[in-house]
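Worksheet: one structure, shown below.
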Amino acid sequence: MNWAKLRIAPWLDTRAAFVSGAPQGAALLDIGSSDGETLRHIAELRPDLRLYATDVAGQPERYPPHCTFHRGDLQREPLPWPDGAMAAITCMHLLEHLSDISLAVREVQRLLRPGGRVYFETPHPKTTALSSPRGVGAGTFTMNFYDDPTHIRPVAIGALAQKIREVGLEVIDSGTSRNLLFAAMHPVYRFMAPSRKKYTAQAHWLGWSAYLIARRLPA
């Protein structure tokens, strides 16, 4: 889905709603940028933003033009940007891949400018009990948490909130991440053959991901 279509109604998607609230022309850092799919959506929704990205591997050739990329391991080394450099930070589906999230949380606090906000998203712990796709769909989509062999352990939002507060950030919102348009398609797609669209609609219907938004207190 092209997020440019969400400009008039960003509330239809939890991620888009967060990005839409960033100040005009602000610096936004995406931590765990992977193949750049989310970054491309962010650029569709907010082409005015100055984008930064970091990932242990990454595919910067697929990122939006003029996005500044740093390849690094957030379990071993801090990020290269100065204190207070970012107005907004997104960290989506990274924490569950880390054996220790402490440095990542500290770096978020350091990089946010006063009043800046961060959006974390991670699989809800209930995903450990969901059934994997069956038949020809097996292994084609992560429905059960452990369908992805790189997942280490679920990160409960309550535990994340405690770590966020320990570094001095203020938790301002949390809940279930959904794209309401995708979720609305589940009653239709559930009767169709296995496909990415079918499983994506099911995930949004079930509330597969949890989110937390925090901010650095104004000076």
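At pLDDT 95 or above, farther than 21 Å from residue 100 by Cα and either touching a helix residue (DSSP H, G or I) at 6+ places or on another chain (Cβ under 8 Å) or surrounded by fewer than 14 Cβ atoms within 10 Å (Cβ to Cβ) (or both): does that describe residue 172?
Criteria met by residue 172.
Assess whether residue 32 counts as being loosely packed, with under 15 Cβ neighbours inside 10 Å, modelled with pLDDT of 95 or more and either closer than 21 Å to residue 215 by Cα or touching a His at 6+ places or on another chain (Cβ under 7 Å) (or both). In short, no. Taking first residues from the stretch 120-141 that are under 19 Å from residue 97 (Cα atoms) and open to solvent by less than 60 Å² (accessible area, probe 1.4 Å) and partners that are at pLDDT below 95 and assigned to a helix (DSSP H, G or I), the Cβ contacts under 7 Å between residues at least 6 apart in sequence or on separate chains come to 141/196.
So, of the residues in the stretch 156-169 that are in a helix (DSSP H, G or I) and β-branched (Val, Ile, Thr), which turns out to be surrounded by the fewest Cβ atoms within 10 Å (Cβ to Cβ)? If you could, list the steps in order and put the result at the bottom.
Just the residues of the stretch 156-169 that are in a helix (DSSP H, G or I), to begin with: 157-166.
Add one more test, that the residue is β-branched (Val, Ile, Thr), and what stays is 157, 164.
Numbers: 157: 20, 164: 23.
Across the stretch 156-169, the extreme among qualifying residues is 157.
Taking the stretch 104-152 as the range and being within 16 Å of residue 209 (Cβ to Cβ), part of a loop (DSSP other than H, G, I, E, B) and either modelled with pLDDT under 95 or among the acidic types (Asp, Glu) (or both) as the test, only 148 passes.
For residue 153, indicate whether it is surrounded by 13 or more Cβ atoms within 10 Å (Cβ to Cβ) and either touching a residue at least 12 places away in the same chain (Cβ under 8 Å) or under 25 Å from residue 11 (Cβ atoms) (or both). Answer is yes for this residue.
Within the stretch 187-219, can you find the residues that are part of a loop (DSSP other than H, G, I, E, B), surrounded by fewer than 14 Cβ atoms within 10 Å (Cβ to Cβ) and not hydroxyl-bearing (Ser, Thr, Tyr)? Give the derivation first.
Within the stretch 187-219, the first condition is being part of a loop (DSSP other than H, G, I, E, B), and the residues that meet it are 190-195, 207-208, 217-219.
Within this subset, residues satisfying the condition of being surrounded by fewer than 14 Cβ atoms within 10 Å (Cβ to Cβ) are 190-193, 195, 217-219.
Across the stretch 187-219, the qualifying residues are 190, 191, 192, 193, 217, 218, 219.
For the stretch 14-25, check the following and say yes or no: at least one residue is aromatic (Phe, Trp, Tyr) and under 23 Å from residue 207 (Cα atoms).
Here is the first cut: in the stretch 14-25, the ones aromatic (Phe, Trp, Tyr) are 18.
Okay, now just the ones that are also under 23 Å from residue 207 (Cα atoms), so 18.
Yes, that holds for at least one residue.
Within the stretch 50-68, the set of residues being closer than 14 Å to residue 38 by Cβ and touching a Leu at 6+ places or on another chain (Cβ under 9 Å) comprises 51, 52, 53, 54, 55, 62, 63, 64, 67.
Among the residues making up the stretch 177-186, those that are of a type outside the set (A, V, I, L, M) and open to solvent by less than 60 Å² (accessible area, probe 1.4 Å) are 177, 179, 186. Restricting attention to the stretch 50-68 and to residues that are under 17 Å from the mean Cα position of the chain (by Cα) and within 23 Å of residue 214 (Cα to Cα), the residue that is surrounded by the most Cβ atoms within 10 Å (Cβ to Cβ) turns out to be 53. Within the stretch 90-115, the only residue that satisfies the criterion of being crowded, with 19+ Cβ neighbours inside 10 Å and among the small types (Gly, Ala, Ser) is 104.
The values are calculated or read from the model by the stated rules, or taken from the named source; none is laboratory data. Computed from a predicted model, the values in this text were never measured in an experiment. Glycine also receives a Cβ, built like all others from the backbone with ideal geometry; neighbour counts cover every protein chain displayed. What goes into the accessible areas is simple: the full protein's heavy atoms, side chains included, and nothing from ligands, DNA or RNA. Shrake-Rupley method; radii C 1.70, N 1.55, O 1.52, S 1.80 Å.
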